[in-house]
Each structure stands twice: as structure tokens, then as C-alpha cells.
Amino acid sequence: MPAESASTSPTQFQDPARHRSLQLLSILCGFTAGAWLGAAEAPTKLVSIGVSPIVISLIMVIGVFLARWSLPALVLGTSSVRADVRRAPHLILWALLAGCLWAVANTLTIFAIRDIGLSIAFPLWNSNSLLGIFWGFLFFNELRQAGWRRWAGVLGGALVMCVGATFLAIASASQGPSAHSLNGVWAALGAGVLWGTMYIPYRKAYLTGMNPLSFVTFFTFGEVGMMTALALGYIGVSPIWHVLVQARSIIFWLMLGGFIWVIGDLFQQYAAKYVGISRGIPLSNTNQLWGLLWGILVFGELHGKSHTTYLEVIGGSLLMMLGVGAIALSSATSKEQAHWKEAAQREGERYGVAADYVAARFEGRQAAGETLPSRSVLDWLLVAAASAVLLVFAAMARVPQFSFRWGPALALIAALLLLLFLCGRKLWRTTRFH
């Protein structure tokens, strides 16, 4: 189906059947993102064997950098990235800003995991859902004329999530060391604030048509730059090098965590693109359930704790999941979609992006006149270089000595791969990764 002309009204972008298809796709993308984002945090448990949170975050960011360049090159090719940048060059700056926010937030999550554990820290930093709802309404016309049922679903879900987070904060007093549990709570909540704010550049990018694969490519420069500055300022050049040499046997696992995180983030980006940040982010925050599964089943975080602690953690997580479900099921009405499209038109006019390009990308289609993406020798070199780096550190890797249960881990990995296949296939068939 050809893209609309440049004179297309912003309220004519999308037909109902296409909208329903994108809604279903976004729900699947959100849940797949949650599974992979949850798995990505598992390697950060290395903080429990004495590795500095700053070093862990720095190594993860290197893995993120490798993934953010090699995966787009593999899926569509860097020619697609260059074409997006020519159409919307202003988004490079927004991507850099988002990357900086991500780097600081990721570092805070590692401090939180050290002090209060993975199963409890996860739901606390997922307070970013609340900010996502607020920013989506304030800046991008989300939930405008959504109707009282949608408002009740979103706000009621947010309230339930807050109650669940309260239970988890109370439980943290018995999970983490008494001297640091409160610090862990603040670190997790701080990460939630930064990640919630990071979604503003996301939504600006997708309203003006940029492909998520293009956006995350430049996003990573902000991540690497900010994380390097944090590491140098917090530790220093010589100590960092000394720690990296000593930790070479675990570098692969941390880089792998960063790589896995990017896969989850890409699905999260597509969810946010097609259902907005007020709904897409809560969907991806199902990662708290996966974090709970990894923390309890694989790492035995709550082993030996009281029944009360189990009830607080599991009950709080289930409450937060109910809140997420209520938000996710509050689909956008046609009137609300019209306001989204007005926001898209406003952003397009502000930055001089062609209306037909914005309209086509809003529907997950290729714009008229766009050349088909292709992979060049450069793309295959990027993929080969990223693979070689991972293989080199994999050869040095050793399995860390701490509590780990292989049976549940293999079951969770199988679930991840199944979701990756199903969602990737659906995303390709529906949007061709646009």
C-alpha cells in the first residue's frame, strides 16, 4: 500500500485494521522486551562476588555498543541508518542525551542489586512507568480524549503499581544488609526517574518517523561517553585498567548481558513506537516478573528468608503486574489516536520532516521513494568485528563461583528464544522492521 501524499491530514494516517494489527504487535513486543530485559540483568549478580558496580556497568556498556551497531547492520544495513539521519538529523542529539541518561540509570541499578537484590530492585526502578505516563500525556498528547475507562485503567494501574512497590520497599529491609538497604531503594528509584525521563527522546524520534534501529545506533555514543566519564571520575584510569585485567575471566558475561539488553530494548522501542510510552513502557516492565524468576529460581535470592518476606516480594510483584496489565489493556481510542497524529505533525513541522515520511512510518510502512534497505561489505564487517570481540572474551571466560541453578536457567533461556522467534517473525511480517 503506498504512503499518503505530503498533503495528508494527520488524522488520516491509519486505517482501523492496520491499527489493530499494530496494537497486537506492540503487546507482543512489550512482553518479549520484558523477558529479554529481565534476562540482561542476570549477569549483574556478579556484583555479589565483589566486582565494582562501576566496572560492571562500564563492561556492559561495551557489550551494548557492540550490539547497537552490529544488530542494525545485520537486520537492515547501515544504509537505512544513513537515510534516517538525512531525513531527521536533529534526532542525533536527542539520542545522545537518552544514552547519557541510560548510562547513569544502569549504574544505579547495579548499586541497587548489590544492596537489596535483583528480585526486589527490579520493581522499584520500574517506577519509570509512572513517569512514562506523565510525559506521554504532557508532551505527546497521549490519553487525550481517551475516555474514562482508559483513564481508569491507566491511573488505576499506576496506583496498584505504587502499592506493589511499597510492599517491595518494605521487604527490602529484610533482604539487603541493614546498613545499605535504604541506599539500594534510593538507587533503584533514581534509576526509574532517569529511565522514565529517557523516554521523551524515544517518543520524539518515533513521532517524526525514525526507525528504532537507527535511533539506538546513535544512542550508544551517549552511553559510552557518559559511562567512560563516570568510570574515570569515580575510579581513575590506572585502577580501572588493573580491575579490568583482574576481571578478564568475567568480562564476557557482562558484555553478553549488555548484548541481551539491546535485544530487549529494541523490542521495547517498537512497543513504544506503536502504542506510545504511556502504554509501551508498562508493557516492557513485565521484566520485573522475569527478574523475580531469575532472582529466586536461578540465584536463590530469598533462600532461607521468612514466609513474610516471600509474601511481601511475591505479593508486591503480582500487584505491580496487575497494574501493568490494566494499563496495557487500555488501548487507544480513535479520538486519542487523532491527538497522537497531531503531535506527530507538530514534531514533523518543527524539524522540517516530510509529512508523507512521518505518515508512512507512523503506520510501520516504507515511505514513497525510499530505497529498499541493503547490506554492504561494511555491514558484514561490523557484524564480524562484534562477533570476534565476543569470541575473544568468551575464550577467557570462566564460570563465576556463586549459587546458580542450571535447570531453571535453561528453561528461562528456552522461553527467551521462543519469544524472540515469534515476535521477530511477527514484527518482520507486519512492519519489515520499520
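Points worth noting:
- Three-way shape call for the chain based on the alpha-carbon gyration tensor, with the a/c threshold at 1.5: oblate
- Label-to-label distance, nm, for residues given as ARG405 and ALA368 (7 Å Cα→Cβ offset): 5.9
- Neighbour counting of Cβ atoms within 10 Å sorts the residues MET210, MET320, fewest neighbours leading, into MET210, MET320.
- Dipole magnitude for the chain: computed about the Cα centre from +1 point charges on Lys and Arg Cβ and -1 point charges on Asp and Glu Cβ, it is near 500 debye.
- Label zone at ARG86, where the point sits 7 Å out along the Cα-to-Cβ direction: the stretch 337-381 residues whose backbone N lies under 13 Å: 369-374
- The spacing between the stretch 407-434 and the stretch 318-396, judged by their C-alpha centroids, is 17 Å.
- Rough spin-label spacing in nm, given labels placed 7 Å along Cα→Cβ, for LYS335 and ALA414: 4.9
- Linear extension gain, LEU182 paired with ARG429, 0.36 nm per residue minus alpha-carbon span: 84.3 nm
- The angle between the Cα long axis of helix 16-40 and the main principal axis of the chain comes to about 20°, on a 0 to 90 degree scale.
- Extension gain for LEU93-TRP241 works out to 50.2 nm (0.36 nm per residue, less the C-alpha to C-alpha distance).
- Helix 334-351 and the longest principal axis of the C-alpha atoms of the chain enclose an angle of approximately 90°.
- Mean-position separation - Cα centroids, the stretch 200-265 and the stretch 285-310, in angstrom: 26
- Shape call, the stretch 297-378: gyration tensor on alpha carbons, a/c limit 1.5: oblate
Read the figures in this text as sums done on the coordinates, not as results from a lab. No experiment lies behind these values; they were computed from the predicted model shown. Don't worry about glycine lacking a Cβ; one is built from the backbone with ideal geometry, like all the others, and counts go over all protein chains shown.
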